[in-house]
Amino acid sequence: MKRFLYLLIVTSVLALIPLTSNAQCKGFAKKICRLELNPFIHDGNYHAAILTEGEEAELYKTFYSDQDYRLAICGSDNLPEIEFTILDANQNVLYSNKDHDFKRTWDFKLESSQQLKIAVKVPVGGDESEEPMSGCVAIMFGLKIK
């Protein structure tokens, strides 16, 4: 019985660790990354996750025609510059910040409504003998009110 209670407590504590990390990451997105959207109005969604050097993440989002958007990507200070690429449904690259000195924002307007893929990558930085760094990466969207 004691062993069962011990396992239950340990499992419960381990299960809460990712929730705490994700909550801190969401807080990072709210406090730090949201500022990158100014003067655009935040769409109200927080897309943030803990990523490690070398990891990639993808997000699909529908954008509507004739609307001005700002996409902002930011990562924790301990991470190298975050790469992001925007692709259409045919996998055509619409934008890559790698071609623009790793700029953290992209302002755009689409001629037709469509779903785009936002691919985010944390490149491997510095010395390969060190432990890979992990940190929060957030993707934020803003709208320009006309």
TODO: Find the residue count for the stretch 43-81, including only residues that are assigned to a strand (DSSP E or B), surrounded by 12 or more Cβ atoms within 10 Å (Cβ to Cβ) and of a type in the set (Ser, Thr, Tyr).
DONE: 2
- [ ] Can you tell me which residue within the stretch 105-124, out of those that are under 18 Å from the mean Cα position of the chain (by Cα) and assigned to a loop (DSSP other than H, G, I, E, B), is nearest to residue 35 (Cα to Cα)?
- [x] 122
TODO: Among what's in the stretch 105-146 and is basic (Lys, Arg) and modelled with pLDDT of 95 or more, pick the residue that is surrounded by the most Cβ atoms within 10 Å (Cβ to Cβ).
DONE: 121
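Looking for something in a strand (DSSP E or B) and farther than 18 Å from residue 26 by Cα - is there at least one such residue anywhere in the stretch 127-137? Walk me through it before giving the result.
Looking only at the stretch 127-137, we keep the residues that are in a strand (DSSP E or B), and these are 134-137.
With the extra rule that they be farther than 18 Å from residue 26 by Cα, the set shrinks to none.
No, that holds for no residue.
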Task: Among (1) on the phi > 0 side of the Ramachandran plot; (2) part of a strand (DSSP E or B) - the single one residue 102 does not satisfy - done: (2)
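The values are calculated or read from the model by the stated rules, or taken from the named source; none is laboratory data. Predicted model only: the values in this text are computed from it and were never measured. Neighbour counts run over all protein chains shown; Cβ positions are idealised from the backbone, glycine included.
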